[in-house]
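Trainee: Sharing a structure below in structure tokens format, with a few things to ask.
What follows draws every value from the coordinates through simple rules; no lab data is involved. Note that the structure is predicted; figures quoted are calculated from it, not measured. So basically every Cβ, Gly included, is an ideal-geometry build from the backbone, and we count neighbours across all protein chains shown.
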Amino acid sequence: MGEKRKVRAVITGLTKLAEDIFSMWIEESFMAGSAKAGQFLALYSDSAERLLPRPISICEIDREKGRLRMVFRVAGAGTEEFSQKKEGDSISVMGPLGNGYALKGKKALLFGGGIGIPPMLELAKELAQEPGCEVQAVLGYRDSRLFLKEELEAYARVYVSTEDGSAGTKGNVLDAVKEHGLTADMIYACGPKPMLKGIQKFAEACHIPAQLSLEEKMACGIGACLACVCESKETDSHSHVKNKRVCKDGPVFSAEEIVL
Amino acid sequence: MNTEVVIAGVSLKNPVMTASGTFGSGEEYSEFVDLNRLGGVVTKGMANVPWPGNKTPRIAEIACGMMNAIGLQNPGIDVFIKRDLPFLKQFHTNIIVNVCGKTIEDYCEVVERLSDEPDVSMLEINISCPNVKEGGIAFGQDPKAAERITSEVKKRARQPIIMKLSPNVTDITVMAKAAQEGGADAISLINTLTGMKIDINRRTFAVANKTGGVSGPAIKPIAVRMVYQAANAVKIPVIGMGGIMTVEDALEFIMAGATAVSIGTANFANPYATIEVIEGIERFMENNGVEDIHELIGCVK
């Protein structure tokens, strides 16, 4: 038997951070003990109508207290159900899943777009503990309803972009990079595909290695069903075709190995 | 208490197997499940060469089920023999390789490649995948084509062959009899039902393939009905599947006439589903004074 498991975990905190954005802490010392920044958990509905787990990124890991935090957006009936739970309720969860980020370099540039922001918190926290590592984070929001910004400021120099210009740089995360003239020796990103595509191009042009975290519809969450694949540049050593499993080989991929 | 069943001379310690395509080649789920406890592991469909599968999104959730159009992505039989088979050989369970192809020759090539592998107990021939344009379903909806491919594969197969049937037909008994006529040692059913889901916000199809195979508890009553009809139409054993989530579901199939059952979509909702069904069968037998599982197989007439 391996390092992943599925359990019923107790919710120790559930708060609303912004419109449709919720923060949930669960007690799961086994998973908290082995989880890494950039990994995710699969959350299951209690309704027999909704069979498939929802992949939710890990936002914070409290190894001492054996707890894990997830910040998620209500996007449908499943996440709506999670958001209506109460402290003390329990939830079915499987994990930790995926590979997570590899912590490298001395000047880190983190990109979080929308619901891709949460995994940046644990990552920033861990990078800040690396000796001599400078942590910068660019957070992209739709509008001025910001979330997790202040918490990230504890570990990183934070820059903000909003689509409507109501906070920070008007435009996207790369517009904020231009405005502030940011440089780095390692890029970490999570967010919508168009943003990742832009970062992939930017990283290539600037010769900065980049780790991109992808999202895809999942069924098994552990690499068996081949639902959540992404296109790879080279023939993958596991699949023997040009694709990789987001849930198992990812969700974090080197920008050079994937086609977005 | 006896939970052992025999299919075409192959003994299964219990009637619970995995359903092809939901369990990879066992490696991923071995983190959750002791494969030694399973009656058999049915692998993902293997072709003669690697198949890339369909574009994403490949799946969508539906009420009480899901829809998939993976497109039979697989690394090809050579990789399977070199990498996956040695992994599975470590366990005391039956290895059943699901075989897919585009032409009869493709299927026969895979079957011949496996003829030197005594650790493979049986072959399940997939003539029912709704998600690939050629092959597969082309054989699964025409009784003459089904009989022909069955007899061609049977001629070359060293192991017993199970023909996996499609529910996307007018009369399942016609297809079951065609497989039997062609020399099949067993049949398994049902594969997924062809469905469609529209994403109203994006105004497009929920899966890139437009249509997908529907599975899960939503289709279970259809599957039980077809297993019952097929089991009463042929003499060869029937392996039942389609939406089994719990032991109660598995017992429905067994009582309808299935000698064994396969657990598919349930693995996604609960990676321990296979073991829970095995333990549940034992508990049911004990609680109901059933000495031998054969007392239950096809007991509902």
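Trainee: Between B:Glu248 and B:Arg225, what length in nm is gained on full extension when 0.36 nm per residue of separation is reduced by their alpha carbon distance?
Mentor: Gain on extension, B:Glu248 to B:Arg225, equals 6.7 nm.
Trainee: Within 10 Å of each Cβ of B:56-68, how many other protein chain Cβ atoms are there on average?
Mentor: Average per residue, whole number: 6.
Trainee: By how many nm would the segment from B:Lys210 to B:Val49 grow when fully extended, if each residue of separation counts as 0.36 nm and the alpha-carbon distance is taken off?
Mentor: 55.5 nm
Trainee: Once you put a point 7 Å from the Cα of B:Arg203 and another 7 Å from the Cα of B:Glu282, both along the Cβ direction, what distance in nm separates them?
Mentor: It works out to 5.7 nm between the two label points.
Trainee: Cut-off 10 angstrom, C-alpha nodes, Gaussian network model of chain A. Which of A:Phe22, A:Phe40, A:Phe202 fluctuates the most?
Mentor: Checking each option, the largest mean-square fluctuation is seen for A:Phe202.
Trainee: Give the order of B:Leu251, A:Leu182 when sorted by the count of other beta carbons within 10 angstrom, beginning with the fewest.
Mentor: Going from sparsest to densest Cβ surroundings: A:Leu182, B:Leu251.
Trainee: Tell me, what is a quarter of the convex hull surface for the C-alpha atoms of chain A, in nm² with one decimal? Present the calculation step by step, with values, prior to reporting the outcome.
Mentor: Numbers: hull surface 54.5 nm².
Projected over every direction and averaged, the Cα hull of chain A covers 13.6 nm².
Trainee: I would also like to ask the following. Direction-averaged shadow area of the convex hull around the Cα atoms of segment B:150-259, nm²?
Mentor: So the Cα hull casts an average projection of 8.3 nm².
Trainee: Here is a further query. Taking the Cβ-Cβ separation of A:His180 and A:Lys65 as r and a Förster radius of 51 Å, what is the calculated FRET efficiency to the nearest 0.05?
Mentor: 0.90
Trainee: Taking every pair of Cα atoms in segment B:32-82, average 1/r, invert it to obtain the Kirkwood radius, and report Rg/Rh to two decimals.
Mentor: Values: Rg = 14.3 Å, Rh = 13.2 Å.
Checking Rg against Rh, the ratio lands at 1.08.
Trainee: Let me ask another. Just to be sure I understand: with springs between alpha-carbon atoms less than 10 Å apart, which residue in A:Ser92, A:Ser213, A:Ser57 has the highest mean-square fluctuation in the Gaussian network model of chain A?
Mentor: For chain A, modelled as a Gaussian network with Cα springs under 10 Å, the answer is A:Ser92.
Trainee: If you don't mind, another one. Mean shadow of segment A:157-235, computed from the convex hull of its alpha carbons, in nm²? Please list the in-between numbers first.
Mentor: Working: hull surface 28.2 nm².
Across all orientations, segment A:157-235 yields a mean hull projection of 7.1 nm².
Trainee: Spelling out what I want: for every residue of segment B:27-32, take phi, set θ = phi - 60°, compute 6.51 cos²θ - 1.76 cosθ + 1.60 (Karplus), and round to whole Hz; glycine and proline get x.
Mentor: 3J(HN,Hα) across segment B:27-32, in whole Hz: 4, 5, 7, 5, 6, 10.
Trainee: In deg cm²/dmol and to the nearest 500, what is the mean residue ellipticity at 222 nm of chain B if only DSSP H runs of at least 4 residues count, each as -39500 (n - 2.57), divided by the residue total?
Mentor: About -8000 deg cm²/dmol.
Trainee: Here's a follow-up. Identify the residues of segment A:204-224 with backbone N under 14 Å of a label point that sits 7 angstrom from the Cα of A:Glu257 along the Cα-to-Cβ direction, or state none.
Mentor: A:210-214
Trainee: Can you give the helix-only mean residue ellipticity at 222 nm for chain A, where every DSSP H stretch with n ≥ 4 adds -39500 (n - 2.57) and the sum goes over all residues, rounded to the nearest 500 deg cm²/dmol? Please report the intermediate quantities before stating the final value.
Mentor: Details: 6 runs with 50 residues, N = 260.
Using -39500 (n - 2.57) per qualifying helix, the result is -5500 deg cm²/dmol.
Trainee: Let me check the size of segment B:180-225 from its C-alpha atoms; what are the radius of gyration and Dmax in Å?
Mentor: Looking at segment B:180-225, its Cα Rg and Dmax stand at 15.3, 49 Å.
Trainee: Taking only the alpha-carbon positions of the protein assembly as shown and ignoring solvent, what does the Debye formula give for the base-10 log of I(q)/I(0) at q = 0.11, 0.13 Å⁻¹?
Mentor: For the requested q values the scattering log ratios are -0.97, -1.24.
Trainee: Would you kindly state how much longer the chain becomes between B:Glu105 and B:Asp171 on full extension, computed as 0.36 nm times their sequence separation minus their alpha carbon distance, in nm to one decimal?
Mentor: 21.0 nm
Trainee: How much of the DSSP bridge set in the protein assembly as shown is antiparallel, in percent, rounded to the nearest 5?
Mentor: 55 percent
Trainee: Here's another thing I want to ask about it. At 25 °C and a viscosity of 0.890 mPa s, what translational diffusion coefficient does Stokes-Einstein give for chain B, taking Rh as the Kirkwood radius over Cα pairs? Give it in µm²/s as a whole number.
Mentor: Translational D for this selection: 130 µm²/s.
Trainee: Quick query: amide H of B:Ile7 versus all other amide H atoms, modeled in the peptide plane; which residues come in under 5 Å with a sequence gap of 5 or more or a different chain?
Mentor: It is B:Leu12, by chain and number.
Trainee: Now for a separate question. Specify which residue in the list A:Leu109, A:Ser144, A:Ala156 is farthest towards the positive end of the charge dipole of segment A:73-167, using unit charges on the beta carbon of Lys, Arg (+1) and Asp, Glu (-1), about the Cα centre.
Mentor: Farthest towards the positive pole: A:Leu109.
Trainee: Using each residue's phi in segment A:105-117, evaluate 6.51 cos²θ - 1.76 cosθ + 1.60 at θ = phi - 60° and report the 3J(HN,Hα) Karplus result to the nearest Hz, with x for Gly and Pro.
Mentor: Result, rounded to whole Hz: x, 10, 10, 8, 10, 9, 10, x, x, x, 7, x, 6.
Trainee: Write down the radius of gyration of segment A:27-107 and its Dmax, each obtained from C-alpha positions, in Å.
Mentor: 13.7, 48
Trainee: Quick one: plug the Kirkwood hydrodynamic radius of segment B:71-228 (C-alpha pairs) into Stokes-Einstein at 37 °C, 0.692 mPa s, and report D in µm²/s.
Mentor: Working: Rh = 16.5 Å.
Answer from the Stokes-Einstein relation: 199 µm²/s.
Trainee: Please state the shape class of segment B:1-100: rounded when a/c is under 1.5, otherwise prolate if a/b exceeds b/c and oblate if not, all from the C-alpha gyration tensor.
Mentor: oblate
Trainee: Sticking with this structure for a sec: Let a ≥ b ≥ c be the square roots of the eigenvalues of the Cα gyration tensor of segment A:118-211; is it rounded (a/c under 1.5), or, if not, prolate (a/b larger than b/c) or oblate? Before the final figure, lay out the partial values.
Mentor: Values: a/c = 1.67, a/b = 1.10, b/c = 1.52.
Cα axes put segment A:118-211 in the oblate bin.
Trainee: Here is a further query. Please state the relative contact order of segment A:170-241 as a whole percent: Cα pairs under 8 Å, 6+ residues apart?
Mentor: 24 percent
Trainee: Scan around B:Leu193 for amide H atoms under 5 Å from its own, H built in the peptide plane at 1.01 Å from N, and keep only partners 5 or more places away or cross-chain.
Mentor: Answer set, sorted by chain and number: B:Val214.
Trainee: With no other cysteine's Cβ closer than 4.7 Å, which Cys residues of chain A count as lacking a disulfide-compatible partner?
Mentor: Taking the Cβ cut-off of 4.7 Å, the unpaired cysteines of chain A are A:Cys59, A:Cys133, A:Cys190, A:Cys206, A:Cys228, A:Cys230, A:Cys247.
Trainee: Can you list residues whose amide H is under 5 Å from A:Val241's amide H, if they're 5+ apart or on another chain and H is modeled 1.01 Å from N?
Mentor: A:Asp236
Trainee: Treating only the Cα positions of segment B:232-299 as identical point scatterers, give the base-10 log of I(q)/I(0) from the Debye formula at each q in 0.17, 0.21, 0.22, 0.28 Å⁻¹.
Mentor: -0.58, -0.85, -0.91, -1.25
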